Amino acid sequence: MSYEVDFNEVSTVGLESSPVADALAGLRANEARYFKNKYDHVFTVEPASKAKKTIDRVSTILEEERGIVIESPPLEATSFEVPGIKFDYVFYESGLSINVMWEFDNPKKHAVGFKLSDGMEIPEELSSFKFARQKSKLAGTIRGSYFVIKGDY
């Protein structure tokens, strides 16, 4: 069953098995607020069991571009389009959030973004990345990094 993420009343629905569930829920709510404010898009996620296609696409890009295999199990995912851009998001049990941004008209704007929930360690498979810090009222301190996608998916 899909879940419409509420950024006014942050909930851990679907994320309960994460050791940093509250921080991950805040991170998810932070993304929901961004897309509502910027694109008037309602951020809706599905359980991983129903979002296999999105999770597989993100996993393929990570492995083919950088040889990265995420060890943590995915909990939820979403895939959607806003004007001119396709986004995929996967939220993992460890507190990791990965998004793929694919701007249709600009091949230089194809990227994978990583965000780490407050309280989680940097996963071994992402240890080569440098993470910048960002403060969020909903998510505490978010650490983020990214890389540009070179292939065509």
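The values are calculated or read from the model by the stated rules, or taken from the named source; none is laboratory data. Computed from a prediction, not measured in an experiment: that's the story for all the values here. Positions of Cβ are backbone-derived with ideal geometry, glycine not excepted, and every protein chain shown enters the neighbour counts. Keep in mind that these areas ignore ligands, DNA and RNA; they rest on the heavy atoms of the full protein, side chains included. Shrake-Rupley method; radii C 1.70, N 1.55, O 1.52, S 1.80 Å.
Cβ-Cβ distance of Lys109 and His41, R₀ of 22 Å, FRET efficiency by 1/(1 + (r/R0)^6): the value works out to about 0.80. Enter the accessible area per residue of the chain (Å², integer; probe 1.4 Å; all protein chains in place). Dividing the accessible area of the chain by its residue count gives 53 Å². A Cβ-based charge dipole, computed about the Cα centre of region 6-153 with Lys and Arg at +1 and Asp and Glu at -1, lands at about 560 debye.
Qualifying GluC sites (Glu not before Pro) in region 22-114, where qualification requires a DSSP coil assignment and no more than 14 other C-beta atoms within 10 Å, comprise Glu71. Phi angles across region 58-74 convert, under the Karplus curve 6.51 cos²θ - 1.76 cosθ + 1.60 with θ = phi - 60°, into 3J(HN,Hα) values of 4, 4, 4, 4, 4, 6, 6, 7, 9, x, 8, 10, 6, 7, 6, x, x Hz, Gly and Pro given as x.
Once the C-beta distance of Phe147 and Ser11 is scaled by a Förster radius of 25 Å, the resulting FRET efficiency is 0.20 to the nearest 0.05. Per-residue SASA remark: Arg66, around 120 Å² accessible (1.4 Å probe; ligands, DNA and RNA not included). Around the amide H of Tyr146, modelled in the peptide plane, lie the amide H atoms of Phe114, all under 5 Å away and 5 or more residues distant in sequence or on another chain. Across Ser128, Ser49, Ser59, mean-square fluctuation computed from a Gaussian network of the chain (C-alpha pairs under 10 Å connected) peaks at Ser128. With one equal scatterer per alpha carbon and no solvent term, the Debye-computed log10 I(q)/I(0) for the chain at 0.08, 0.12, 0.17 1/Å reads -0.19, -0.45, -0.98.
Between the listed residues Asn106, Ile70, Phe87, the Cα displaced farthest toward the positive end of the dipole of region 37-121, a dipole computed from Cβ unit charges relative to the Cα centre, is found at Asn106. For Asp6, the residues whose modelled amide H falls within less than 5 Å of its own, excluding neighbours fewer than 5 places apart on the same chain, are Ser11.
Checking the Cα-Cα distances for Lys109/Lys137; Lys52/Lys86; Lys50/Lys109; Lys36/Lys130; Lys50/Lys137 against a 23 Å cut-off, the pairs over it are Lys109/Lys137; Lys50/Lys109; Lys36/Lys130; Lys50/Lys137. Taking all protein chains together and a 1.4 Å probe, the residues Lys52, Lys135 rank Lys135, Lys52 from largest to smallest accessible area.
Within the accessible surface of region 20-153, defined with a 1.4 Å probe on protein heavy atoms only, the carbon and sulfur portion equals 48 percent.
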